[in-house]
1. Using a simple spin-label model with points 7 Å from Cα along the Cα→Cβ vector, what separation in nm is obtained for SER15 and LEU160?
2. Report, to the nearest whole %, how much of the accessible area of the range 15-160 belongs to carbon and sulfur atoms, 1.4 Å probe, protein only.
3. Would you calculate, for the chain, the mean residue ellipticity at 222 nm contributed by helices, counting each DSSP H stretch of 4 or more residues as -39,500 (n - 2.57) and dividing by all residues, to the nearest 500?
4. Once you keep just the Cα pairs under 8 angstrom separated by 6 or more residues, what percentage relative contact order results for the chain?
5. So if R0 is 22 Å, what FRET efficiency would ALA146 and ILE43 give, r being the distance between their Cβ atoms, rounded to the nearest 0.05?
6. With the crude spin-label approximation of a point 7 Å out along Cα→Cβ, what separation in nm comes out for LEU153 versus PHE103?
7. Return the single residue from VAL54, VAL81, VAL29 with maximal mean-square fluctuation; model: Gaussian network over the chain, springs between Cα atoms under 10 Å.
8. Using each residue's phi in the range 133-139, evaluate 6.51 cos²θ - 1.76 cosθ + 1.60 at θ = phi - 60° and report the 3J(HN,Hα) Karplus result to the nearest Hz, with x for Gly and Pro.
Amino acid sequence: MRADALGVLGELGSSVAGQGFLLAGTAAVFVAAPDIDHMALRILHHRSILTHSVLLPLLVLWFAPELGPAAASGAALGVAVHLAADLLSPSRGFGRIWLPEPFQVSLGGWSPLWLMLNALACAWLALDVLPPGEIWRLMAGGVGAAMAVGYGLVRERSLLSALVALAVIAGGHVAEGWLRLT
Ligand SMILES: [Zn+2]
């Protein structure tokens, strides 16, 4: 069943337009994905280090390769925007990043650094997984920017949140371009 569903989606991704659709779709789903920790609060605590990290898009890359690179890229963009928005909440109590059971300790003052580094890593990964070609980078850049502005202004109701997310997406582009040249 799962393989069939992935196969259908993977087929959809075999055209450039289909890949664009997958990229935007996974970005829209994964922008909310880090907060699935709410569903397992006993084990994970809110703002879990496992879900608020580059791990989520890597799972898509490792466990659903049949979806093609656009799905992992979109997942990475969504998580990058979510982590950028979380960066703006004060790193106290629930604002902190928490280790799962059996530790249940927070990163404390290191939480914003964790969020920033993982947001940037996601923004970079979103480009690194794509095949060579400017069309891919344009597509990911467009979806990332739309996601950053949409999530910041509509969900967070904050211009600052939109700007920080845009900066993270742009940072990923700079890092990927630079790493590609070196
Ligand atoms: Zn969150």
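1. Those two pseudo-labels are separated by 4.5 nm.
2. So the carbon and sulfur contribution to the accessible surface is 74 percent.
3. Mean residue ellipticity at 222 nm (helix-derived): -20500 deg cm²/dmol.
4. Numbers: 316 pairs, mean separation 41.8, N = 182.
23 percent.
5. Details: r = 34 Å, r/R0 = 1.54.
Efficiency computed from Cβ-Cβ geometry: 0.05.
6. In this crude label model, LEU153 to PHE103 measures out at 3.9 nm.
7. VAL29
8. x, 5, 4, 5, 5, 5, 4
The values are calculated or read from the model by the stated rules, or taken from the named source; none is laboratory data. Keep in mind that what you see is a predicted model, and the values were worked out from it rather than measured. Positions of Cβ are generated from backbone atoms using ideal geometry, with glycine treated the same way; all protein chains shown enter the neighbour counts. Accessible surface areas use protein heavy atoms only, side chains included; no ligands, DNA or RNA. Shrake-Rupley method; radii C 1.70, N 1.55, O 1.52, S 1.80 Å.
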